[in-house]
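What follows is one structure encoded as structure tokens, with my remarks underneath.
The values are calculated or read from the model by the stated rules, or taken from the named source; none is laboratory data. Everything quoted here is computed from the prediction, not taken from an experiment. As a convention, Cβ positions derive from the backbone with ideal geometry for all residues, glycine included, and neighbour counts pool all protein chains shown.
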């Protein structure tokens, strides 16, 4: 006996279509489970301690339970390296604002790795006040690399969705949180960074909330895979 003996062609198509929808939802859930949830582990900690964590609207949304707002794409022209390679009041003010929004939840307001969101993370968030255990190093180019690439095997994700200027602002803020000697930068590495800033602009793409992205994906799939209308079965008569 074959399945065709029990189901009409129309019912078989409906069954396959429903199966594809289920597979689509499983794929979307798995995708966001492996990309978003690692940055949101700290929510479990709030349930065990009873200490509420104030959700702050973040720049990236990946470490922020409130998600990020929709934002239109923008083109940023090349920047003068002199305005970002060394800290200045405007750059530090910008960096502190970004740090408070995107970093303090895990790293703590003073960068000691004691933020409420970092308690449930393994490994623990970096303590910027200590000169030990830094994966990429503590120099300007090292911290910039961490912000640009993230750190595999940890909850430190890449922040390359921030502009290069904003990443440099964070670099200076992170260094300011530790009173130790961060080391002498490699002149070649600094020259390469300066060349990158001065010669290449960047395009910040459109951004929408994750929930909105899931809704659009599901809607597009449903529109491209409409369910066929059930047809009445006709019984074969002897």
Kindly provide the set of residues from the stretch 120-149 that are surrounded by fewer than 16 Cβ atoms within 10 Å (Cβ to Cβ) and over 18 Å from the mean Cα position of the chain (by Cα), ordered by number. 129, 130, 131, 132, 133, 135, 136, 137
Pair list, Cβ < 8 Å and 6+ apart or interchain, from the stretch 74-85 residues that are over 14 Å from residue 172 (Cα atoms) to residues that are in a loop (DSSP other than H, G, I, E, B): 75/201; 76/163; 76/201; 77/201; 78/200; 78/201
Considering only the stretch 101-119, state which residues are more than 16 Å from the chain's Cα centre (by Cα), in a loop (DSSP other than H, G, I, E, B), surrounded by 18 or more Cβ atoms within 10 Å (Cβ to Cβ) and modelled with pLDDT of 90 or more. 108, 111, 113, 115
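Out of the residues in the stretch 176-196 that are in contact with a helix residue (DSSP H, G or I) (Cβ under 9 Å, 6 or more places away or on another chain) and closer than 16 Å to residue 132 by Cα, which is surrounded by the fewest Cβ atoms within 10 Å (Cβ to Cβ)?
That would be 183.
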